[in-house]
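**Student:** Below: one structure in structure tokens.
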Amino acid sequence: MNTFKKPIINLITFVVISFCFIVNMICVTQAQSYVSQKGSEEDIKIQLESELKNSIPFLEETDRDNVTIINTDLGYSYNEKEGLLKIDVYKVDGNGMVTLKTGQKVPVLQEKELDLSNDIGTLATYEPYRRVKSKNGYRKCEGYINLPTSSNLRGVDSSGEAAYNYFGIENTSGVNDECGLFYASGIYNNKWWVYHNFNGTWVADWKPTSGISPGTRVFMRLYVPQDNQLAFRYEYSGGSETILYTSGCGSTKFDASSSQKLRRLTTLLVNNTNSYSRNNIWQNIYIATPANMHLWGTSDTSEHISTSYVSVTETNKYYNETVNINIP
């Protein structure tokens, strides 16, 4: 009996020791991975802190109080108060959709689709828009948008539907960027949120942290603080923030060059009739070259388009107007 038990005991001992060794190796590997990840994130934090410090002097003086830097290449944002945060970066697919991790879809009406024809129905059954585009030579635009109240916004009920109010910038160096506000249901809780879309790379910046309620008056400013960067400033009754983009925005030009244009848009992307986005009120819209800023007038404008289902009251061309989108 003793001769028989000894090999069994040795085998059990070997198995136990082997198991403990494997568990220990797994724990060590996980710990090393954690340390490596934390070390990597610490490096990213140092990099973004440095980029932010070096870029602050180039921002508008009024825009330096609460600044978040976003680097889409790294997939992180940094703010002195919030610290380092990972962001979700999405690519707009061939159908002009962004599919979130939750499965919800967000339509993105890109400039290349707007130029094909009016209300082409690529992303949604209905996709009317109002667009005002500048001539060449500009680096900044700013102004107020009074967002529609809940009673003036209908039809954005499901995945694949959204409403937008935003500024954009483009040039012949391949820049095609947008920053502004979008409204959606689902995880976006029927509020307006800051987003950016840089030539098909789309990020919901989750700013502000609780969203912006319908009917709110928001100040927006989009500009090039220095070459290869963009800054977006928003202010409303709940607070203010500047978002500085240091990657992904392409070859933006501070000097505006002879080929850089700005644009502003109001759009509604929905799949059903009896939908509308009413009383999108743009007020005191300014536009700037490197040397001069003034109200955005007719002499600054290269085109203005209103598709089907869109009516515009032009109080002052093109810096005070009310955009109504009605799909009966």
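The values are calculated or read from the model by the stated rules, or taken from the named source; none is laboratory data. Keep in mind that this is a model prediction, so the values were computed, not measured. Backbone-built Cβ (ideal geometry, glycine too); neighbour counts: all protein chains shown.
**Student:** Would you confirm, using the coordinates I've provided, whether A124 is surrounded by 20 or more Cβ atoms within 10 Å (Cβ to Cβ), under 26 Å from R233 (Cβ atoms), among the small types (G, A, S) and assigned by TED's automatic domain parsing to the domain that holds I285?
**Tutor:** On the way: surrounded by 20 or more Cβ atoms within 10 Å (Cβ to Cβ): yes; under 26 Å from R233 (Cβ atoms): no; among the small types (G, A, S): yes; assigned by TED's automatic domain parsing to the domain that holds I285: yes.
So A124 fails the test.
**Student:** Follow-up. Give the residues of the range 169-197 that are of a type outside the set (D, E), assigned to a strand (DSSP E or B) and surrounded by 22 or more Cβ atoms within 10 Å (Cβ to Cβ), sorted by residue number.
**Tutor:** I169, C179, G180, L181, F182, Y183, A184, W192, V194, Y195, H196, N197
**Student:** All but one of (1) within 27 Å of W193 (Cβ to Cβ); (2) surrounded by 15 or more Cβ atoms within 10 Å (Cβ to Cβ) hold for D300; which doesn't?
**Tutor:** D300 satisfies every listed condition except (1).
**Student:** If you don't mind, another one. Please work out which residue is nearest to I287 (Cα to Cα), limiting yourself to the range 198-219 and to residues that are among the hydroxyl-bearing types (S, T, Y) and in a loop (DSSP other than H, G, I, E, B).
**Tutor:** So, considering only residues that are among the hydroxyl-bearing types (S, T, Y) and in a loop (DSSP other than H, G, I, E, B), the one nearest to I287 (Cα to Cα) is T216.
**Student:** If I go through the range 151-192 residue by residue, how many of them are among the small types (G, A, S) and either farther than 16 Å from V270 by Cα or not assigned by TED's automatic domain parsing to the domain that holds T99 (or both)?
**Tutor:** 5
**Student:** OK, next. When you go through K81, K105, K101 one by one, which is the residue that is within 27 Å of R264 (Cα to Cα) and among the charged types (D, E, K, R)?
**Tutor:** On inspection, the qualifying residue turns out to be K105.
**Student:** A further question follows. From the set of residues in the range 76-88 that are in contact with a helix residue (DSSP H, G or I) (Cβ under 9 Å, 6 or more places away or on another chain) and not basic (K, R), which is surrounded by the fewest Cβ atoms within 10 Å (Cβ to Cβ)? Step through it out loud before you land on a result.
**Tutor:** Our first condition is that a residue be in contact with a helix residue (DSSP H, G or I) (Cβ under 9 Å, 6 or more places away or on another chain); within the range 76-88, this holds for 76-80, 83-84, 86.
With not basic (K, R) added as a condition, the list becomes 76-80, 83-84.
Working: Y76: 19, S77: 24, Y78: 23, N79: 18, E80: 11, G83: 9, L84: 16.
Of everything passing the filter in the range 76-88, G83 is surrounded by the fewest Cβ atoms within 10 Å (Cβ to Cβ).
**Student:** Quick one: would you say H294 is assigned to a strand (DSSP E or B), under 26 Å from the mean Cα position of the chain (by Cα) and surrounded by fewer than 22 Cβ atoms within 10 Å (Cβ to Cβ)?
**Tutor:** no
**Student:** Same structure, new question: Inside the range 220-278, counting only strands (runs of 3 or more DSSP E) that do not spill past its ends, which hold 1 or more residues that are aromatic (F, W, Y)?
**Tutor:** In the range 220-278, the matching strands (runs of 3 or more DSSP E) lie at 230-236, 239-245.
**Student:** For the range 55-79, what are the residues that are in a loop (DSSP other than H, G, I, E, B) and either hydrophobic (A, V, I, L, M, F, W, C) or touching a Leu at 6+ places or on another chain (Cβ under 8 Å) (or both)?
**Tutor:** Hits for the range 55-79 are L59, L74.
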